[in-house]
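Chemist: Have a look at this one before I ask anything.
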Amino acid sequence: MAELADKIKNDLLGAIENDSLVLPTLPEVALKVREIAEDPDSSINQLVAVIGDDAALTTRIIRVCNSPLLRGAREIENLNMAVGRLGMTYTSNLATGLAMEQMFQATSEMVDKRMREVWQKSTEIAGISHVLATHYTKLKPDQATLAGLVHQIGALPILKYVEDNDIQISSVMLDNIIDELHPLIGCKILEKWDFPEELKKVPEEYRNFDRNVSQPDYADVVMIANLQAIAGSSHPHAEMDWTNISAFNRLGLDPEIDMSEAEDLTDEMEAAMALLNS
C-alpha cells in the first residue's frame, strides 16, 4: 500500500512538473460574475442578468442577504435589492463561493464522500474566517470567506486522479497524500483562475506557522481559523504551542483563548457557515 501511495504522489508531482496536470475550471457563472465585477465599466444590471440566469444561485444570494449575518432593516425581496446591498465585489465573491460547491462531486461513492467532506471543512473554515476578518482585521470579510473556501482546493485534482484510475486506497494514506500535495496544487489552481495575489498564496502559507509578515493577511486568517476549528481536539496542530505563532499577535488574539467560548462570535460563525450550506 505504501508503494501505491508513492506511485500516486510521483505521478501527480510528475504531472505538475510537466504542466500536464488537469486543473479544475471554475463554473461558468463564477467566471462570468468575476469578469463583470473586475470590469470598471460594468454595471450592477449586468451582474444581476448573469446571476439571474441561475435560479438556484439567485435564491441562495437573496437568502444570504436576509440571514442574521447580513440582514438589514428592510427585507431583501429580489436579486436587484441583494446586489445593491452587497455591492458588486461582495456579490462576485459570494457567487463564486456558492457556485464552487458543484465542483465537489464525483461518480465514485468513496471519492464523492471525500469531496463533500473537503467542501464541508472548507465552509467551516470560511465561516470562521469571515468572523475573524470582521472583528480582528481590516481585511474584507467576503474575501476572507473565499480564502477559506479555496484553501484546500488542491485536493480536487488528487481525488479526481484517484477516481479516474479507480484506485483503492485507505483513508489514512489518501489523507497523507492530500495533506502533502494539496498546497502546491492549490496555488497552481488559483494562479490558473487568476485570483487576487493575496489569495493565491493561501494554500501554501496557511500552514506556515513560522511566517512573519508586517500586516495580517488572508493566510493569517485562514491559519487561525483552522487552528480554532481543531482547538481541544487530538489533532497534532492542536497540541502545538500556539504562543509561538505570530499570526495571533497580528490579529490581536490571545492564542490560549478558544473563540468558540465567546457566544456572540459562535453565533456569527454558525451564521456564516450557514450562508454556504443553505
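Chemist: Being acidic (Asp, Glu) and touching a helix residue (DSSP H, G or I) at 6+ places or on another chain (Cβ under 9 Å) is the filter here; which residues of segment 190-215 pass it?
Modeler: Answer for segment 190-215, where residues must be acidic (Asp, Glu) and touching a helix residue (DSSP H, G or I) at 6+ places or on another chain (Cβ under 9 Å): GLU191, ASP194, GLU198, GLU204, GLU205, ASP210.
Chemist: Pick out the one residue from TYR136, TYR161 that is aromatic (Phe, Trp, Tyr), at pLDDT 90 or above and closer than 21 Å to THR266 by Cβ.
Modeler: TYR136
Chemist: Same structure again: Can you pull out the residues in segment 36-57 that are surrounded by 15 or more Cβ atoms within 10 Å (Cβ to Cβ) and without any contact (Cβ under 8 Å) to a residue 24 or more places away in the chain?
Modeler: Of everything in segment 36-57, those that are surrounded by 15 or more Cβ atoms within 10 Å (Cβ to Cβ) and without any contact (Cβ under 8 Å) to a residue 24 or more places away in the chain turn out to be GLN46, VAL50.
Chemist: When residues of segment 1-20 are filtered for being in contact (Cβ under 8 Å) with a residue 24 or more places away in the chain, within 14 Å of ASN165 (Cα to Cα) and open to solvent by 20 Å² or more (accessible area, probe 1.4 Å), how many remain?
Modeler: Here the count works out to 3.
Chemist: Taking helices (runs of 4 or more DSSP H) that do not extend beyond segment 175-240, which have at least 1 residues that are at pLDDT below 95 and under 21 Å from THR266 (Cα atoms)?
Modeler: Ranges flagged: 218-230.
Chemist: So which residues in segment 173-187 are within 18 Å of the chain's Cα centre (by Cα), open to solvent by 50 Å² or more (accessible area, probe 1.4 Å) and not charged (D, E, K, R)?
Modeler: The one that is within 18 Å of the chain's Cα centre (by Cα), open to solvent by 50 Å² or more (accessible area, probe 1.4 Å) and not charged (D, E, K, R): LEU184.
Chemist: TYR136 passes all but one of (1) over 13 Å from the mean Cα position of the chain (by Cα); (2) under 20 Å from PHE195 (Cα atoms); (3) in contact (Cβ under 8 Å) with a residue 60 or more places away in the chain; which number fails?
Modeler: Failing condition for TYR136: (2).
Chemist: Have a look at ARG63, ARG116 and point out the one that is of a type outside the set (Phe, Trp, Tyr), within 24 Å of TYR206 (Cα to Cα) and open to solvent by 60 Å² or more (accessible area, probe 1.4 Å).
Modeler: Within the list ARG63, ARG116, the selection yields ARG116.
Chemist: Right, here's the next one. Within segment 138-154, which residues are among the β-branched types (Val, Ile, Thr), open to solvent by less than 10 Å² (accessible area, probe 1.4 Å) and part of a helix (DSSP H, G or I)?
Modeler: Hit for segment 138-154 is VAL150, nothing else.
The values are calculated or read from the model by the stated rules, or taken from the named source; none is laboratory data. Since we're looking at a predicted model, the values are computed, not measured. Reconstructed Cβ throughout: ideal geometry from the backbone, glycine too, with neighbour counts over all protein chains shown. Accessible surface is based on the protein model in full, side chains and every heavy atom, while ligands, DNA and RNA are left aside. Shrake-Rupley method; radii C 1.70, N 1.55, O 1.52, S 1.80 Å.
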